[in-house]
Every structure is written in structure tokens, then in C-alpha cells.
Amino acid sequence: MSVTYTNRKGRTYYLCQGVTKAGKPRYYFATAVKGNGVEGIPEGYVISESVNGVVSLAKDIPSLILEREINVVKKAVQKHPQAKNYRVSVKSDRIEIYEHVGPKWITEYVPFGIGCKPRRTLARDRERAWAIHTRHAFYRGG
């Protein structure tokens, strides 16, 4: 069975292996098994997910940043009034904070408080809108 990974948007990816022109193995993730499925993660590699949900196989580089420092930054971002609009990403030598770019699905496209729908229907609409927002959100660094 191939290595699988489900990203934060709920999409499942399979680790596949191809060959470069030089004859070296090339690893990539696809939504369906292509070529040769890989049974395990190659030694020295880890599965990486970008802030936008792109899944890849990256070399395992030790982080210069302590776990405690990462937690301090994450807690500070969580305290922000609009915390859902930000993502924290840790690279080997830095911590990056990304901000959501694009329309605010929740406030612009869902008719809240119109009064023509029961309260529980409005709550369901908010949940659906948030699911769409998180699935299609795009984040960029500053």
C-alpha cells in the first residue's frame, strides 16, 4: 500500500516515484497513484505541507528554532482578534506568518441576519461558508 497523506483541506495524496532524466528517483505526491507507489517514506525525507495545502516530500533539515519559541509565536497569533486569517509556518531557520488573501467568504457571500431563515439554518450556512473559505483560502507572506 502506498504512503498517503490527507492535507488540512481534506484532500488525500499518494506518494509516487518517477525517474529523472539522469536516472535518479524522483518522489512526488498525486491525488491518484501514478507510476510506482511508494511503500514507505525514503530515509532522510519528511512529508511537508505548505500554508496553502500543497503536499510535498522535503529533505529532513534540523530546525534551528526551539519548539518553545514556535509555541510562543503560535499562542501570540491565536490571541489576535482575526486569528483565523493567519497561518504559522516553520522553516529550518525562521518562523513565517502568512495572512489570508482574497474575499472574506463569511462576511461577503453569506446573508446573515436577514431574518427569513431560522437561526439553526443561518448557523449551518455559516459552517458551510467557513468550510468553503478554508478549502479555497490562499495565504501569502509579508
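Where a number appears in this text, it was derived from the coordinates with a stated rule and is not lab data. On a predicted model such as this, the values are computed, not experimentally measured, just so you know. Positions of Cβ are generated from backbone atoms using ideal geometry, with glycine treated the same way; all protein chains shown enter the neighbour counts.
Using 0.36 nm times the number of residues separating K75 and T12, minus their current alpha carbon distance, what extension gain do you get? Walk me through the intermediate numbers first.
Values: separation 63, 0.36 × 63 = 22.68 nm, distance 2.87 nm.
Fully extending the segment from K75 to T12 adds 19.8 nm.
Give me the dipole magnitude in Debye, nearest 20, for the stretch 1-86 about the Cα centre, with unit charges on the beta carbon: positive for Lys and Arg, negative for Asp and Glu.
For the stretch 1-86, the charge dipole is close to 380 debye.
Going down the list K24/K59; K9/K59; K24/K91, which pairs span over 21 Å between their C-alpha atoms?
Details: K24/K59 15 Å; K9/K59 23 Å; K24/K91 26 Å.
Checking Cα-Cα distances, K9/K59; K24/K91 exceed 21 Å.
How would you rank 80-90, 64-74, highest first, on the average number of other Cβ atoms within 10 Å across their residues?
Working: 80-90: 13.5, 64-74: 11.7.
Result, highest mean first: 80-90, 64-74.
Computed over the Cα atoms of the stretch 4-59, what is the ratio Rg over Rh, Rh following Kirkwood?
Working: Rg = 11.3 Å, Rh = 11.8 Å.
Taking Rh as the inverse mean 1/r over Cα pairs, Rg/Rh reads 0.97.
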